[in-house]
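What follows is one structure encoded as structure tokens, with my remarks underneath.
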Amino acid sequence: MENNLVKLEPCPFCGCRDRRVGIRRMGNNGYRVCCSKCGSLGPHVSVKDWNGHKKLAQKEAREKWNERA
């Protein structure tokens, strides 16, 4: 089985590196990465069809969190 887990970079605002940085489901329409230490949010990744797309949306949310300007 392929591991699609993308390692999260630390929070760009507070530097949090521990497990308080994680993925959060946003209602029924997608995911984003949230830092529970300072409350910063990564970009929202929408999911239209949950069948088989949950893991892809989580992976994309992690990739977007790791993008730095």
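When region 11-64 is limited to residues that are among the acidic types (Asp, Glu) and either surrounded by 12 or more Cβ atoms within 10 Å (Cβ to Cβ) or in contact with a Lys or Arg (Cβ under 9 Å, 6 or more places away or on another chain) (or both), the one that is modelled with the highest pLDDT turns out to be 63. Cβ-Cβ contacts under 6 Å between residues 6 or more apart (or on different chains), taken from a first residue in region 25-44 that is closer than 10 Å to residue 11 by Cβ to a second residue that is modelled with pLDDT under 85, are listed as 33/23; 34/24; 35/21; 36/20; 37/20.
The values are calculated or read from the model by the stated rules, or taken from the named source; none is laboratory data. None of these values were measured; they are calculated from a predicted model. Neighbour counts are summed over all protein chains in view; Cβ atoms, including those assigned to glycine, are modelled from backbone coordinates with ideal geometry.
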